[in-house]
Structure formats: structure tokens, C-alpha cells
Amino acid sequence: MSVRNALKAGRIPALAGLGALVLLAACGQEGIERAGDPGFAAVDTARISTASAAEEWLTYGGTYDEQRHSRLTAINTENVGELGVAWTYDLATNRGVESTPIVVDGVMYVTSAWSVVYALDAKTGAEKWVYDPDVDRAVGVKACCDVVNRGVAVYDGKIFVGVIDGRLEALDAQTGKVVWSKVTVDQSKPYTITGAPRVANGKVLIGNGGAELGVRGYLSAYDASTGDLVWRFYTVPNPEKQPDNAASDEAFVRVGNVTWGDEGAWVTDGGGGTVWDSIVYDEANGQIIFGVGNGSPWNRTFRDPAGGDNLFLSSIVAVDAETGAYKWHFQTTPGDNWDYTATQTIILADLPLGEYGATRRVVMQAPKNGFFYVLDARTGQFLSGDAFVPVNWATGLDRTGRPIEVPEARYSRQPFEQTPGPLGAHNWHPMAFSPQTGLAYIPAQEIPQAYAEDPRFTSRPVGWNTGVDFSAGIPPIAPPEVVRFLRSTLKGRLIAWDPVARQPRWTVEHDNAWNGGILSTAGGLVFQGKLGGEFAAYNAATGEKLWSHDLKSGGASGPGTYMIDGEQYVAITTGWGSAFALAAGFAFDVAVSPTVGKVVTFKIGGTAQIADAGLTPVDATPKAESFGNLAMISQGAVHYSRNCMVCHGPLAVSSGVLPDLRWSAITGNREAWKGVVMDGNLAANGMVGFSEFVTPDESEAIRAYVLAQAHAATGNGSSGGEP
Ligand code: CA
């Protein structure tokens, strides 16, 4: 450990530290960096270690244990009421922003939509450099949940970013210049990267996304210096169940292959199992623990008619950190059928679970399926699992942790209204854990979904391939009361979960389902934003709200905190977009809210202002008369839900991130509509042509449906109108 790091960790007596600083100061400002460390941002494994990191935010989850708990106490329950804005920085996007700021050597590194990286002075917000990977906007159609990015990693003077088109890139931390760039996926397939890389012992760990569309998931480790691939662990066997010459080969022979049949859509669609978020380095056990996503397609009947558990879908998996060799797994949702990813925040902690208060090192996760799991970190042994939201797809877990399913949850063409739905009881919003209170802080949500088998299912190269009929249970024309009812089914809350007592200690009910990531601090505080814009601090022990501020944008990201020159800062990236805003525009009263993404930092006594977002007023009037009979509009509803809904919103109601088709001028013009929908006239904006997947008649039916929804929303012609 360097003098600099030892000082930060409090391992050198103050006098020795002062002396070292005086010596360094003689070398000048530049010399401080050079003399104490081999270089700028000279981060290594010891510096990120949970045992040493304190005043900086060096990895996505704060430290390797990913507790998102800071030891800083300068902002605390006594003075948090004096928190004000220190500075803001405009990220110049109206797309989703999910980045946790990384702070090292006084510089903050954040990402924005389209994987753009910003380096800012962490004290002032002054821009140091911007790196734009210049992604082809047509890639946007591969992104299930907006073109988001959750942040960078820092190691050995380099910044690592996963790019939405599948690149992993190393940038010089001082200049932003590309040091190396590797394509980590088959770019002919619908892979994306939205997650933050992690770096441990000189290896950069990165997964990918795309399981809604159809890919085969894996986790890769690249050499941080050279960009060479060191190992790769696939989460699904190849269709022949033959060795890949990869780290996962042995795992499939031992436990994986037998859980897959020989036929079904997984053979062509890759089976899914993408590692799109949580990747944790377990220093104590020398292993990487990562969360695996849902199946491709979702519906197991189509994916694998043999009906097996389909390892390692929806699992927590541990592999050797050096070689990627399999160590253990725990499958949260065997035979996933519902997009129940186990990619959510994985936290490592020592809990007093042993006799006479002895601690046990555990893995905690609150995945989409609604159960909070505690596993032994060394062996993966199931210790406990309890529902943290209302769950109706299973009555509980058996003593091995396997869900006791309700038969109806294996849906047929008859819809089953299920909770949690595919957006999960918890999504990507980071959970936190405080070793002081012993509580895990979960951004929990209730977003039910009617699942039904899609009778028209065939795998397609563009768009979602789930085998689920999203139009099931939704009326073809949705008057305002239907929208109000759907909205009333959405709930969100911050849950302070006691993993030893296996129950909530306290909860805070929110006015919207999609509530933001959590920061816990030794100042006795829990910080959380909301998509509606409120950023609040709660008493970590009681849940009492002690402070809040209007972000004037969505506050969904994981906040971070750091100390510079004796002042503690709290930072959050803001924006709209992401899966919920695309999927649940009907949940918001805003006509359109493309609020500009920002970095917003707070400190005690801060007096800066957050600029108004500059909302674009939208002309919410239908641009043409309704046309088509009810049969045509109903057909349009089906084809809309298959082709358009995941980006433009259920019921054709957009949250404003992507165009609200109801108010689009092209709805009134048959040729203009065809030019965009069929011929791809707006492909450069990410709207590719759908002529391979939609017939001209179906395209017209979608236009009729969208116009009917426009008139229904404005109270005109809710019958849809006869021709
Ligand atoms: Ca998914």
C-alpha cells in the first residue's frame, strides 16, 4: 500500500503522514501524484479493497464487497439538513442515465447514454475530458431497456468502459485517449453492454445483455494492461453441449448440460443468461461472484420443451478469480419463465449468524423474483430466503431454497396476472448494506404483469423474442380510466431489511414504483432518489426523512460519496429513460419529460442551483381522424405490442423519452408512416425498418391502433370510430 493510500486508510500515524505530505509538497502539485504513486489514478486491488477504501469511490459498488456503505461521517444525521447543491454538470442527453460516479485522485468519472464517458473535477465539476465511443445509433434497437450505461471502472491509470455495441475499452485516465479497444461480442447478434466493468488483480470483468432478443450469455475477464482475453465463463451450454474451450466447460459437464433438452428455441436463440449487472470480487475466497439473467426466450415451453432447470439461468455463480473455474452456483428461479433475472445487486457481508454471535461471510441478493436470499459466500449454501414484496407465483421456498411454485404461474394462453412481473421486485437500482445498522436497503417495487403464451411465437432476428403475449389482458382501446387503473397497480418502497431477523425493520412508501439506488453512510444516513425527482436522506436506523431536494430530473442511479479537502460530497447522476420509463409511460402525468441528464453533487452549505430542465411542450392532440373498424384496431394492438411497445410504451403511451406515437404527425399520413415503419427512413435515429417482420396491412393496423389511442386519450371516439 502506498503512503497515500495508507494515509487514507488511517494506517499511518498523523505525524508521519504530515511529514510525508511536506516532502511531497516540495515536489509541487504534479509531484504529489508522481512521488506517492507510480502514476495518476494508480488504482490497484489493495486500494479498492474493502479494508482500505475510504475517501474515494473506486468501484461501482464502493468497495469490492459492494455494500455501497461509506465510512465518511462529515455529513451526518445532525447536519444533513444543511445539505445544498455544490455543482452540477450537464450530460446533454434525454435518454436514460444510470451511472454511479467513480471518484479517484480528485477526478470524477461518469458515463451517460450511448456509453459516453466524462472526466470532471470532483470538487468543482469542471470538465477535464469527454470520450464519445461514437456508437452507430442503429444499435439502439438492440437495447432492451434504453441505451443506458451504469459506469466505468478504474485501475492502473486507466478507465474501463463497456460500450453499448459490445466493445470494452481502456482509456488513459488523464487524457481520455483510447489505450486499447476490444469487441467482446458477436456484433451480428443483439448483444449490448450496459453494466459497469469491475477490475480485480489486473483482470477487467465484463458481461453483456440481450436476453430479451436472443443471445447466449457469458462473463469475460480481460487483461487490464493488454486487453487480451484471459478467461470466459458461459452461462448456457452451446447447442451441441460440447466444450467451448472455455472456463465453463467443466461446469457444464458436471451440472449444466443435464438441465437442458436437445430441442427448442434456445438452440437458435442462445438460451439467454446474460451477466448484465452484478459482478463481485470476493477477496476472502479468491472468487468472482456474479448474477445471471433470464432465459431466451422467456417462455420455457418454447425455449426448452424438455422442461429442465436450465442452468445457469437466473443463478448466482461463483468462479475462481484467476482462472474462471466453476466453484458453486445457486439458482434462484429454476426453469425461468418470467424474466426473473438474478443479476441484481450482490452484496458481501459478515453477518452474526453463527453460535455465540460468530459471524459468517455471506452473499445477499434481492433478485427480481421477490425473495431476499442469504447464502454462504464460500460454499454457496442456502441459508435463508424470504419474500420482501407480495409474491403470488410461489408460496415460499423449500429447505434447499427452491421455490414452491403455484401451477398457474407456468402460464398457457390463459393469462396469469403475476407479481412480481418482468420488471421485478427489484431491478438494477443498487441495493446497499450498512454494517452499522445490519440492514440491507432495498429499492423495492410492485409492478404486476399478465403473462400469457404468445400463440404466434417464432424467433425473429430483430426485436424481442419472449414467447409472451404482451397484449393479453389489455383492452384494444384504453380510455383514461384503464390508464388510471393500471397506474394504481404500481407501487414502490424503500425497505430496510434485517437479513438476520429475516423481516423489514422499517419501510418508506413511495409515490412511484421505480425508486432509485441507495447510498448508506457511517453518518447514519441512507440516500435515495426517485424517478419523480426527489432526492432524500433518511435516518438509517428509523427511516425518518431528514432532508430532500428536487433534482428536476429522474433520480434512479446509485449515489456515491467522497471527501476532498475536508469536505464530504454526495453525488448522483440524473436522467429519465431506462426500462421503466420506456415501459410505463402511463405511470406519469407528464406529457413529455425529456429532462436533461446531469451530474448533481451536494455538500454542507452548498448554494448552487439546478437549472430547469427545459421541457419541450408537446402538442397532445390527434393529428388525424380515427380510421379502421374494431377488428383492424384490435389487430393493430396485437402487432403494436409485439413490435413497438417495448420502446414506445404500452397503450401507445410514451413517457417522453422516445416519441409518443399518438401525437406524431406521421400517424395522419399513410405514406409517411410506411416510410418510417416499413422502409426505415429514420434508421439513423435508431428507428430501423420493420418490413421483414410486419406486413403492409399490419403496419396500417398499427397506425389505426395508435390513432385510436390518441382519440381515446383525448376523450374522443373511444369506440375507435367506424370507417
Ligand atoms: Ca431481462
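The values are calculated or read from the model by the stated rules, or taken from the named source; none is laboratory data. Here the structure is a predicted model, which means the values were calculated and not measured. Every residue, glycine as well, gets a Cβ built from its backbone with ideal geometry; the counts of neighbours run over all protein chains shown.
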Just to be sure I understand the filter: pairs with C-beta atoms under 7 Å, separated by 6 or more residues or on different chains, first member in the range 642-663 and closer than 14 Å to P622 by Cα and surrounded by fewer than 23 Cβ atoms within 10 Å (Cβ to Cβ), second member at pLDDT 80 or above and among the hydroxyl-bearing types (S, T, Y). Which pairs pass? W663/T621
Mind telling me which of the residues V85, V135 ends up being part of a strand (DSSP E or B), away from the ligand (no atom under 16 Å from the Cβ) and surrounded by fewer than 22 Cβ atoms within 10 Å (Cβ to Cβ)? V85
Of all the residues that make up the range 332-364, how many are in a strand (DSSP E or B) and within 16 Å of the ligand (Cβ to nearest atom)? 0
Filtering the range 254-298 down to residues that are assigned to a loop (DSSP other than H, G, I, E, B) and free of Cβ contacts under 8 Å to residues at least 60 places away in the same chain, which residue is farthest from the ligand (Cβ to nearest atom)? G286
All positions within the range 210-234 that are among the polar types (S, T, N, Q), closer than 29 Å to V141 by Cα and not in a strand (DSSP E or B): none
Does G96 count as modelled with pLDDT of 95 or more and within 16 Å of the ligand (Cβ to nearest atom)? no
Do the conditions hold for T235, that is, is it among the hydroxyl-bearing types (S, T, Y) and within 16 Å of the ligand (Cβ to nearest atom)? yes
Look at the range 619-650 and say how many of its residues are outside any helix (DSSP H, G or I), of a type outside the set (A, V, I, L, M, F, W, C) and over 12 Å from A710 (Cβ atoms). 3
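Being among the polar types (S, T, N, Q), without any contact (Cβ under 8 Å) to a residue 40 or more places away in the chain and either closer than 30 Å to P305 by Cβ or buried (at least 24 other Cβ atoms within 10 Å of the Cβ) (or both), is that true of even one residue in the range 430-446? Let's see the steps before the verdict.
The initial filter retains those residues of the range 430-446 that are among the polar types (S, T, N, Q), namely 434, 436-437, 445.
Checking which are without any contact (Cβ under 8 Å) to a residue 40 or more places away in the chain leaves us with none.
No.
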Give me the residue from the range 313-327 that is away from the ligand (no atom under 15 Å from the Cβ) and assigned to a loop (DSSP other than H, G, I, E, B) and, out of that set, surrounded by the fewest Cβ atoms within 10 Å (Cβ to Cβ). T323
Residues of the range 42-82 satisfying the condition of being crowded, with 22+ Cβ neighbours inside 10 Å and small (G, A, S): A53, G61, G62, S70
